[in-house]
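So the structure is just underneath, and the comments pick up after that.
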């Protein structure tokens, strides 16, 4: 599964959007503009933007935040695969890819996850294991 990330140029410019960079996805159910908002964070930068959730901003072939919202835990991870200006396309990590990141002591996952014990691998395998 792929998603469109819309970045905030005024916060960090395009700098955080690097190929294969790990992005933490955080649901924001109390967001006053969009109850299906999913915030995107990166190591060293914090919040870099949101998963696109509008027909004007979602790149064709990627999932909107609304379509992804019920398929992920309260926080999850993706890897940036394409960058164009202040927009990126990221791939949602499969269960195996997530485990591989966790096994790498240098992975940004360790700096971004709030509580690794909260990541439900059975839930992830159910939704992402076959990708």
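What the table shows:
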read-out: Label-point separation in nm, residue 73 to residue 47, each point 7 Å along Cα→Cβ; value: 2.3
read-out: Estimated inter-spin distance, residue 28 and residue 110, nm [label 7 Å along Cα→Cβ]; value: 2.9
read-out: Sorted peptide list for 77-90, 20-33, criterion being average Cβ within 10 angstrom, highest first; value: 77-90, 20-33
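None of the figures in this text is laboratory data; all of them are computed from the coordinates on show. Every value quoted in this text rests on a predicted model; they were computed, and no experiment measured them. Methodologically, a virtual Cβ is constructed for each residue, glycine included, from the backbone with ideal geometry; neighbour enumeration extends over all protein chains shown.
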